[in-house]
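Undergrad: This structure is in structure tokens; I'll ask about it shortly.
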Amino acid sequence: MNSTRRQFVKATAAGAMTLLPLRAAKSQLKVICSTEDMAALAREVGGDRISVESLARGYQDAHFVEAKPSFIAKVHSADLLISVGLQLEVGWLPPLITQSRNPGVQPGAAGYLEASQFADVLEKPAGGVSRAMGDVHPLGNPHYWLDPNNGRAVAQGIANKLAALRSEDAAYFADRYKDFAARLAQSEKGWDQKRRRCSGAGRTRTPSPRSGCLPSTASGRAGRGSTRRMSRSSARR
Ligand SMILES: [Zn+2]
């Protein structure tokens, strides 16, 4: 090997060493979420330091999810389990948590996070609730993440929890949250403008699909990332 080639090999080896992600040795925190909406928020703040999976698929009604045996294995190996709470998943998640035999993610343990604690919850029924009242949510409306302010608060709560579980990455999670909050604020400006424009247009004529003012197709185009998800699901539900 001539000296130039030797130098090149040395340099590439050194380059490869520095390129090798420093964290390759450290595993990502494994985060399991009950719904895709929580998973989207977790992804925003967790970045590449976590792996995220949702148990329910986005197209499923989170009130009624068929608990598969594979879910138990997922919860079993989770470092953090994030639920929506307010009894949204009461019909299927609690037995999965019990059967997972993972002490770290049982309610009350450090690896269990019920996101509703960060949200401003609406429609808390006053007084007793009965079946005769139809499909009411006894603890308040669990679809709280559809409000961008709640989405922001939940994202911050998740970032704090991730920092508590992995303190060496606390600054990383805080930065990711800041970036998310800034993009959300930017999207909110756009949504406000659109709302003003659409409410104006609605008064004078029937909005055409092209105007972007029809409810189900329109709001899906605003925003990016999980903020877009929030907006789209708010149109859907
Ligand atoms: Zn509901």
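Undergrad: Does Pro107 count as within 11 Å of the ligand (Cβ to nearest atom) and not hydroxyl-bearing (Ser, Thr, Tyr)?
TA: no
Undergrad: Would you check if there is a residue in the range 149-168 being within 16 Å of the ligand (Cβ to nearest atom) and under 28 Å from Ile32 (Cβ atoms)?
TA: Yes, there is a match, as at least one residue in the range 149-168 is within 16 Å of the ligand (Cβ to nearest atom) and under 28 Å from Ile32 (Cβ atoms).
Undergrad: Under 6 Å between Cβ atoms, at least 6 apart or on separate chains: pull out the pairs that start in the range 138-162 with a residue that is at pLDDT below 95 and of a type in the set (A, V, I, L, M) and end on any residue that is assigned to a loop (DSSP other than H, G, I, E, B) and buried (at least 21 other Cβ atoms within 10 Å of the Cβ).
TA: What qualifies is Leu139/Leu86.
Undergrad: Another question about this same structure. In the set Ser130, Ser100, Ser116, which member is more than 16 Å from the ligand (Cβ to nearest atom) and modelled with pLDDT of 95 or more?
TA: Going through Ser130, Ser100, Ser116 in turn, the sole match is Ser100.
Undergrad: So Pro138 passes all but one of these: (1) of a type outside the set (Asp, Glu); (2) more than 22 Å from the chain's Cα centre (by Cα); (3) more than 16 Å from the ligand (Cβ to nearest atom). Which condition number does it fail?
TA: Tallying (1) of a type outside the set (Asp, Glu); (2) more than 22 Å from the chain's Cα centre (by Cα); (3) more than 16 Å from the ligand (Cβ to nearest atom), Pro138 fails exactly one: (3).
Undergrad: Which condition does Val129 not pass, out of (1) of a type in the set (Val, Ile, Thr); (2) outside any helix (DSSP H, G or I); (3) touching a residue at least 24 places away in the same chain (Cβ under 8 Å), if it passes all the others?
TA: Going through (1) of a type in the set (Val, Ile, Thr); (2) outside any helix (DSSP H, G or I); (3) touching a residue at least 24 places away in the same chain (Cβ under 8 Å) one by one, Val129 breaks only (3).
Undergrad: Identify, by number, the condition in (1) polar (S, T, N, Q); (2) modelled with pLDDT under 95; (3) more than 13 Å from the ligand (Cβ to nearest atom) that Gln87 doesn't meet.
TA: Among (1) polar (S, T, N, Q); (2) modelled with pLDDT under 95; (3) more than 13 Å from the ligand (Cβ to nearest atom), the lone unmet condition for Gln87 is (3).
Undergrad: Residues in the range 176-183: is at least one out of contact with any Ser or Thr (no Cβ under 7 Å at 6 or more places or on another chain), part of a helix (DSSP H, G or I) and within 16 Å of the ligand (Cβ to nearest atom)?
TA: There is no residue in the range 176-183 that is out of contact with any Ser or Thr (no Cβ under 7 Å at 6 or more places or on another chain), part of a helix (DSSP H, G or I) and within 16 Å of the ligand (Cβ to nearest atom).
The values are calculated or read from the model by the stated rules, or taken from the named source; none is laboratory data. Values in this document were obtained by computation on a predicted structure and should not be read as measured data. Quick reminder, even Gly has a Cβ in these numbers, built from the backbone with ideal geometry, and neighbours come from all protein chains shown.
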